[in-house]
1. Spot the failing condition for G76; the list is (1) without any contact (Cβ under 8 Å) to a residue 60 or more places away in the chain; (2) assigned to a strand (DSSP E or B), and only one is missed.
2. Could you list, ordered by first residue, the pairs with Cβ atoms under 6 Å in which the first is in the range 84-106 and on the phi < 0 side of the Ramachandran plot and the second is part of a helix (DSSP H, G or I), at least 6 apart or interchain?
3. Output the residues belonging to the range 79-98 that are open to solvent by 60 Å² or more (accessible area, probe 1.4 Å) and either among the small types (G, A, S) or outside any helix (DSSP H, G or I) (or both).
4. Quickly run through the range 103-160 and pick out the residues that are in a loop (DSSP other than H, G, I, E, B), touching a Leu at 6+ places or on another chain (Cβ under 8 Å) and either more than 27 Å from T81 (Cβ to Cβ) or at pLDDT below 85 (or both).
5. Out of the residues in the range 120-142 meeting the condition of being open to solvent by 60 Å² or more (accessible area, probe 1.4 Å) and free of Cβ contacts under 8 Å to residues at least 24 places away in the same chain, tell me which one is nearest to L73 (Cα to Cα).
Amino acid sequence: SVMDAVARGDLYSSNGPQIHSLTWDDGILRVECSPVAKIQLIKNSRPFRFVWGEIVTEAEFNRQLTKPASGYLFFGDEDYTKQHALRRLREAICPDDISATFNDIRMTSLDFAPSKLVDMLESLPMMGERKIISVTGISFLSRRPEEITALCDALAALADYDYNTLVI
């Protein structure tokens, strides 16, 4: 019964979207659902990291450090966990100070603009194979619709520049 599932901690809560498919395969949770603004997953009070189209566990993220994905969206309330994951990515992509000088590009919400992001994506890495671009402090809810559209256009360009790892 539903109450037994709630008592065991096995529950699903929703305010509208329909979940069409929910699968767990090789440590990756895949969710197919009707259009939503946000999917938040909490398991045993531990945040998960979101890789474009996939929610990955910490173990999967650690495996990806040898070959980082092109983009990550870190979310959740535990800033330390997000900062730790970002630091690990930086160390994997820029293992020394010289490569970090050229290939560790940081932006905050104060100096962020989609056009500036595209400029950063286009520039080639120096003295290394990849570069990391991190954008911190962005609140998608406080952005105007045209800013979100411009950001989505900039993110669509990410596939054209496979030497980047973008972290938001």
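1. (2)
2. Once the first residue is on the phi < 0 side of the Ramachandran plot and sits in the range 84-106, its partners that are part of a helix (DSSP H, G or I) give C94/A100; C94/N103; D104/R90; I105/M120.
3. First, pick out the residues of the range 79-98 that are open to solvent by 60 Å² or more (accessible area, probe 1.4 Å): 79-80, 83, 87-88, 91, 95-98.
Result: P95, D96.
4. Initial filter on the range 103-160 (in a loop (DSSP other than H, G, I, E, B)): 109-113, 123-130, 137-139, 143-144.
Subsequent filtering for residues that are touching a Leu at 6+ places or on another chain (Cβ under 8 Å) retains 137, 143.
Within the range 103-160, just R143 meets the criteria.
5. Here is the first cut: in the range 120-142, the residues open to solvent by 60 Å² or more (accessible area, probe 1.4 Å) are 122, 124, 126-127, 129, 136-137, 140-142.
Pick out the ones that are also free of Cβ contacts under 8 Å to residues at least 24 places away in the same chain and you get 140-142.
Numbers: F140: 12, L141: 15, S142: 17 Å.
That would be F140.
The values are calculated or read from the model by the stated rules, or taken from the named source; none is laboratory data. What you see is a predicted model, and the numbers here were worked out from it, not measured in a lab. Positions of Cβ are generated from backbone atoms using ideal geometry, with glycine treated the same way; all protein chains shown enter the neighbour counts. In case anyone asks, the SASA skips ligands and DNA or RNA and just uses the protein heavy atoms, side chains included. Shrake-Rupley method; radii C 1.70, N 1.55, O 1.52, S 1.80 Å.
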